[in-house]
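These notes are about the structure you will find just below.
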Amino acid sequence: MTLRAFLIGLGLCFFIGLWIPYSDNLVQGSRMGLWTTQSAATFLFFLLAGGINSLLRWVRPTTALRPGELLAIFIMISVANAVPSRGVVANLFPLLTSAYYYATAENQWAQLLLPHMTDWMGFSDKAGIENLYEGLPPGEAIPWGAWLRPLAAWVLFLLTLHWIFLCAAVMLRRQWMDNERIPYPMTQLPLAMAADDGRAVNPFFRNPLMWIGFLFPLVDGSIDALSRYFTFIPRLTVFQGSLSFFRGSVSFSLGVDFALLGFAYFASASVGYGLCFFRVVNVIQKAVMDVWGLSAKDASMGVFSQYMPSMLIHQSMGAMLVLVLFGLWIGRDHIADVFGRALGTRPDVDDSDEIMSYRTAVVGLLAGGAVLAAWLNAGGLPGWISVLFVAVTLVIFTAMTRAVAQGGVSAMYPPTNPSDVVISALGPKLIGGPGLMTLGHTYVWGTDILNFAMAPIANGLRLSAEVVHGRRWISWGIMAGVAASIVGGLLLSLKLSYEEGGLNLNAFYYQHAAQYPWTFLQTMLKTMPDVDAAGWAYTGVGAGIMTGLMSMRRRFLWWPFHPLGFPISSVFGGMWFSVLLAMMIKSLVLKYGGVRFYQRTQPFFLGLILGQVVTMGIWLFIDTFTGMKGNSILGGL
């Protein structure tokens, strides 16, 4: 990484930190920070690599950014893209204040919740909270100083969290990339955009097949967007639909997401068909459970673990646990090398191709985990439960990262989250009131996990292999970019909240999600239910099934369905059809055209991805200048 690449990346990370909160709260169009597609980063990279850098190559080639510099910039901004929306920043101010603002005599939050609240973790200034939600009175200034203490505590936590994600990803990179050779489908687009053959416009942007693919989402999204401006323009419904059986008890969405279709084309057939197969099994399983009356919800799990019957959610958690542990067992020789190099007992292990040394990664992971556990413990969570919570967090995020890196799954809901797993497994009595309130605050970053930094970090490590010079500086570039995105997001979010009033911004953050944890914990503190034994049993069932599937995958070459789809099948939803369509097209292409023809068709599917992202970005800018609100297109919610 060169200095100019670092500075350009840092500036773009800060811009992303400003742009996403602005568009989410004021424009309220397509959410460029919502999914692991990392749409804002891809859109900016398109402007940089395809526009500005192509112009520089034509006018003054010596000043153009080299492929390694472009990829280093993309790594920084793709990770930064995961921070300002639901990944972190969007939830922070609402969840630090909502327990106070929404407390009423009816819900009894003042008596049930607030006595267990740790002062430094939240924000309790009554006037400051009211103004945050309702807007500042004329002549009053934003109370920046009053926010310094809680924001300092939270920035420390969030930077440490992203640091351990980075360390864990570095420790796993060689096993995933070199030993298991997973395909990293989501890295194909930035690699293509950064390629250089010596001409002003690189081969990817000169390929007509790419632009044909680009046109599909451009036309579809633009007609959809225009229909909100002009009522006489109908919305396209060609890429939407559903299929129902047995009086609606079994239903399959048939919607097409262009980006997911494009990413899935680069995944292996066994992974793609496995994602679809286990989704079908899951839907049928849910229908049978509905008929048999087994669809009850676990009262000890919050709203973000209620997408499916609790039996299936617990089952998915057991499967995720086995996915991670089985993966560590398969890579035990590599993990031994990592720790051996870190401890100095294996000096022959070469870690020069990593963005940080194995010693830094191991010490950083352990020290960072200790900081997180100490932070949670200071908030009121018992010490050993804090350590358990950090471990559960790493399991869940590693499992989802694997789904993204291996399956190209750019849009999915997590089956469950760390706080719900801990509360359900241990019971609220053991955790206690202060501990429950601390877990409630983890809703800031750890529940509605639609976008998270560990996934682009893992993809970025694959891209870092193409960066020849200054590779070790990429780790610092990632952390600096995360910090810049956090700071930009916090500053603008606080400014918008006080100037506009949070209640006038995005309703999901300030009115709905802001109350989710406290409504849930209100019930927990009133009833203090016992440990859910059925949850443990269902988790064991999921772990057993996943163990069998992983073993079959290794023992029987004829088994066609990769088990990666099983842990996320409960929440894969409408995304499955895009993957199925990609697999069917890919199978036909390989059967009748061979590998060479498959390679020639790849630009079309990369064009589908790029066209979706660019169309969303273009219409966000148009809507910003026209004042249009709520013009969300192409799966941007």
Which order do VAL595, VAL288, VAL88 take when ranked by solvent-accessible area (1.4 Å probe, heavy atoms of all protein chains), largest first? VAL595, VAL288, VAL88
For the chain, the per residue accessible area (1.4 Å probe, Å²) is 38
Cα radius of gyration and Dmax for segment 32-90 (Å): 13.4, 41
Where does the Debye-calculated log10 I(q)/I(0) of the chain sit at q = 0.05, 0.09, 0.11, 0.12 Å⁻¹, using only Cα point scatterers of equal weight, no solvent? -0.21, -0.74, -1.15, -1.40
Apply the Karplus curve 6.51 cos²θ - 1.76 cosθ + 1.60, θ = phi - 60°, to the phi angles in segment 136-147 and return the couplings in whole Hz, x for Gly and Pro. 6, x, x, x, 8, 9, 5, x, 4, x, 5, 8
Taking all protein chains in place and a 1.4 Å probe, what share, in percent, of the accessible surface of the chain do carbon and sulfur account for? 65
Environment charge of PHE561, counting only residues whose C-beta is closer than 12 Å and scoring Lys/Arg +1, Asp/Glu -1: +2
Scanning the chain for GluC sites (Glu not before Pro) in DSSP loops with at most 12 other Cβ atoms within 10 Å, what's the longest stretch left with none? 141-637
Once all protein chains are kept in place, MET301 shows an accessible area at probe 1.4 Å, nearest 10 Å², of 10
Assuming 1.567 mPa s and 4 °C, estimate D for segment 255-412 with Stokes-Einstein, Rh taken as the Kirkwood radius over Cα pairs, in µm²/s. 68
For the chain, what does -39500 (n - 2.57) per DSSP helix run (n ≥ 4), summed and divided by total residues, give at 222 nm, in deg cm²/dmol to the nearest 500? -20500 deg cm²/dmol
Show me 527-537, 507-517 ranked by packing, highest mean number of other Cβ atoms within 10 Å first. 507-517, 527-537
So how far, in whole Å, is the C-alpha centre of segment 86-157 from the one of segment 1-79? 33
³J(HN,Hα) computed for each position of segment 26-40 - Karplus, 6.51 cos²θ - 1.76 cosθ + 1.60, integer Hz, glycine/proline x: 9, 6, 6, x, 5, 7, 7, x, 7, 10, 6, 4, 6, 5, 4
Cα centroid distance between segment 609-637 and segment 281-320, in Å? 35
Over segment 34-129, relative contact order from alpha-carbon pairs under 8 Å, at least 6 apart, %: 25
Considering segment 1-144, what Rg and Dmax in Å follow from its alpha-carbon atoms? 20.9, 68
log10 of Debye I(q)/I(0), alpha-carbon scatterers only, for segment 316-386 at 0.14, 0.18, 0.22 Å⁻¹: -0.64, -0.89, -0.99
Add +1 for every Lys or Arg and -1 for every Asp or Glu among the other residues with Cβ under 14 Å from the Cβ of GLY607, and state the total. +1
Equivalent-ellipsoid semi-axes of segment 186-298, from the Cα gyration tensor, Å, largest first: 38, 23, 10
How fast does segment 357-492 diffuse by Stokes-Einstein, in µm²/s, taking the Kirkwood radius from C-alpha pairs at 4 °C and 1.567 mPa s? 78
Overall Cα dimensions of segment 85-208, principal axis frame, Å, largest first: 65, 39, 29
Per the Debye formula with a single identical scatterer at each Cα and no solvent contribution, what log10 I(q)/I(0) holds for segment 584-637 at q = 0.21 Å⁻¹? -0.75
Pop out the ³J(HN,Hα) list for segment 320-332 in order, Karplus 6.51 cos²θ - 1.76 cosθ + 1.60 with θ = phi - 60°, rounded to Hz; leave Gly and Pro as x. 5, 4, 5, 4, 6, 5, 5, x, 5, 5, 4, x, 4
Charge context of THR360, other residues only, Cβ under 11 angstrom, K/R +1, D/E -1: +1
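The values are calculated or read from the model by the stated rules, or taken from the named source; none is laboratory data. This one's a predicted model, so the numbers in the text were calculated from it and none came from an experiment. Note that we place each Cβ from the backbone using ideal geometry, even for glycine, and neighbour counts take in every protein chain shown. Heads up: the accessible areas ignore ligands, DNA and RNA and are worked out on the full protein's heavy atoms, side chains in. Shrake-Rupley method; radii C 1.70, N 1.55, O 1.52, S 1.80 Å.
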